[in-house]
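Worksheet for the structure shown next.
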Amino acid sequence: AFLGVGKDATWASLWDTLEASATEKAFDMKVEGLVHLVWGLAKVDRMASPVHAAVAKEMVLELQGKRPVAPSLLAKLSWSLGKVQYKGPELTPLMGQIARRSIEQLDAFSPSELARLMRGYGRLKVQLDALTEAVGKRIIDMPSKPTVDASLLLSFAELGHDDLSLYETVIRRAMSNLPSADNLALRSLAGALAVMPATRDIERQQACCLEFYAALSHELLTRMQTLRPRDVAELSKSLLNAHSHQRSALHAAVHEGLLERAEAIVDDFNTKELVKVVNAAGETGFGSTAFLYRACDLVIPNMSSLQISEITTFLLGLSST
C-alpha cells in the first residue's frame, strides 16, 4: 500500500516504526506473514535490519517442520533476502532449507517463481549444487518469457555454473525474444555476459557469447532513447567487462550511445549511478567535457554517501578522461 509514497523523512520514520514492531512480533506470525513482511521491505528498498534476522530465525524453524509452504512463498523469501543482501548467521541454514523444500516440489514452480527463487541465490552467491542442477534441468524445456530467461541466466552466471549447454539454450531463447524484452531484461542479459564463468569448451562458449553480444548490442542501439538512468548505469558497468569486444566498432558504438544518453538525462541520475557512468567514460574515452563537469557538480557534494571503493572508481574514471 505504501509503494507509491515519497521517500521523505516521514516515510522513513513510518518504516522504522513498522520494522521495530514487526521485530518484536515475528515469533507470533505465520509463514505467510513472515514472507510478506520481508517481501514488502525489499520492495521499498529497505536494507537488512534486525527484523530480517528475526524472520530468518523463525523461518528456519518453520521450514524444518512438515507444514507445507507454497512455491510462491519460497521464491519470494529467497528473492527478498537477496535483494537486501542479508548476511546474518541464519543465512546458510535458511537457504539450505529453502533449497530442500523447493527441490521437493520443483514441478509446482512457475517459470517466474523459479527465476525469483534463483535470483536470491545468485545475489547472495549461495551455491547449492543440488538446487542448481535441479533447476537447470527444469528450465531447459520450459516455456518462458524474456525477463525470466534473463534473470535465470544472470543468476546461474553469478553462481559460477559451468554448464555450457544450459547457457546456450537460454541464450538462444533470449536472443529470439530480444525485441519483446524490457530494459530490465536487457540489463540482466548484459550482466550475465559480464560475469559468465569459463566453461570446458572455451571456443564454443566464445562463439555463442560473440553472437549474443552482437544481438544484444544491436537491440540496445535501437532503444537508447528509452533507457532510464539505472539502465544506462548498469549497462555501462556490465558491458565494460565484455573484454573480448572492447576493440570492436559495435562495442564503441554502444558505449558512445550510452554516454550520449547519460548526458541528455544527467540530472536524473543518483550519485551511485553517476559513479558507474563516469567510470565507463574514463575506460572507453567517450563522454563530453560538459557531461563530466556536470557529473562532478552532482557527485562531489554527495561524496559522503559513497563507499571508499565507489569514490576510488569515480576518481579513476575522471583521471582516465
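Over the chain, with every protein chain in place, what whole percent of the accessible area is carbon and sulfur at 1.4 Å, could you tell me? Answer for the chain is 54 percent, counting heavy atoms of protein chains only. Rounded to the nearest 20 debye, the dipole size of the chain about its Cα centre is 460 debye, using +1 on the Cβ of Lys and Arg and -1 on the Cβ of Asp and Glu. In order along segment 39-52, phi translates into HN-Hα couplings of 4, x, 5, 5, 5, 9, 6, 6, 8, 4, 8, x, 5, 5 Hz, rounded to whole numbers, per the Karplus curve 6.51 cos²θ - 1.76 cosθ + 1.60 with θ = phi - 60° and x for Gly and Pro. The modelled label-to-label distance for the pair Ser110/Leu61, using points 7 Å beyond Cα in the direction of Cβ, is 3.2 nm. The relative contact order of segment 150-240, computed from alpha carbon pairs under 8 Å that lie at least 6 residues apart in sequence, is 40 percent. Under a cut-off of 22 Å between alpha-carbon atoms, report the lysines in cross-link reach of Lys57, not counting same-chain residues fewer than 8 places apart. Hits, sequence-local ones excluded: Lys25, Lys30, Lys43, Lys66, Lys76, Lys83, Lys87, Lys125.
Calculated accessible area for the chain comes out at 48 Å² per residue, all protein chains present (probe 1.4 Å; ligands, DNA, RNA ignored). Classification of the chain by its C-alpha gyration tensor yields an oblate form. The axis ratio a/c (a ≥ b ≥ c) is 1.5 or more, and b/c is at least a/b.
Summary value for segment 246-321: 40 percent relative contact order, contacts being C-alpha pairs under 8 angstrom separated by 6+ residues. Rounded to the nearest Hz, the phi-derived 3J(HN,Hα) couplings of segment 109-126 under the Karplus curve 6.51 cos²θ - 1.76 cosθ + 1.60 (θ = phi - 60°) are 7, 7, x, 5, 5, 5, 4, 5, 4, 6, 4, x, 5, x, 5, 8, 6, 9, where x marks glycine and proline. Computed extension gain for Leu316 through Glu203, at 0.36 nm per residue and net of the alpha carbon distance, reaches 37.4 nm.
Ranking request for peptides 146-154, 215-223: highest mean number of other beta-carbon atoms within 10 Å first, then the rest in descending order.
Numbers: 146-154: 26.0, 215-223: 17.0.
Going from most to least packed, we get 146-154, 215-223.
Highest average first, the peptides 106-118, 20-32 ordered by how many other beta carbon atoms sit within 10 Å of their residues are 106-118, 20-32.
Looking only at Gly82, Gly285, Gly136, which one moves most when the chain is put into a Gaussian network model with springs between Cα atoms under 10 Å? Among Gly82, Gly285, Gly136, the largest GNM mean-square fluctuation belongs to Gly285.
The values are calculated or read from the model by the stated rules, or taken from the named source; none is laboratory data. Source: prediction; values computed, not measured. Here Cβ is always computed from backbone atoms with ideal geometry, including for glycine, and neighbour counts include all displayed protein chains. Remember, those area values only see protein heavy atoms, side chains included, never the ligands or the DNA or RNA. Shrake-Rupley method; radii C 1.70, N 1.55, O 1.52, S 1.80 Å.
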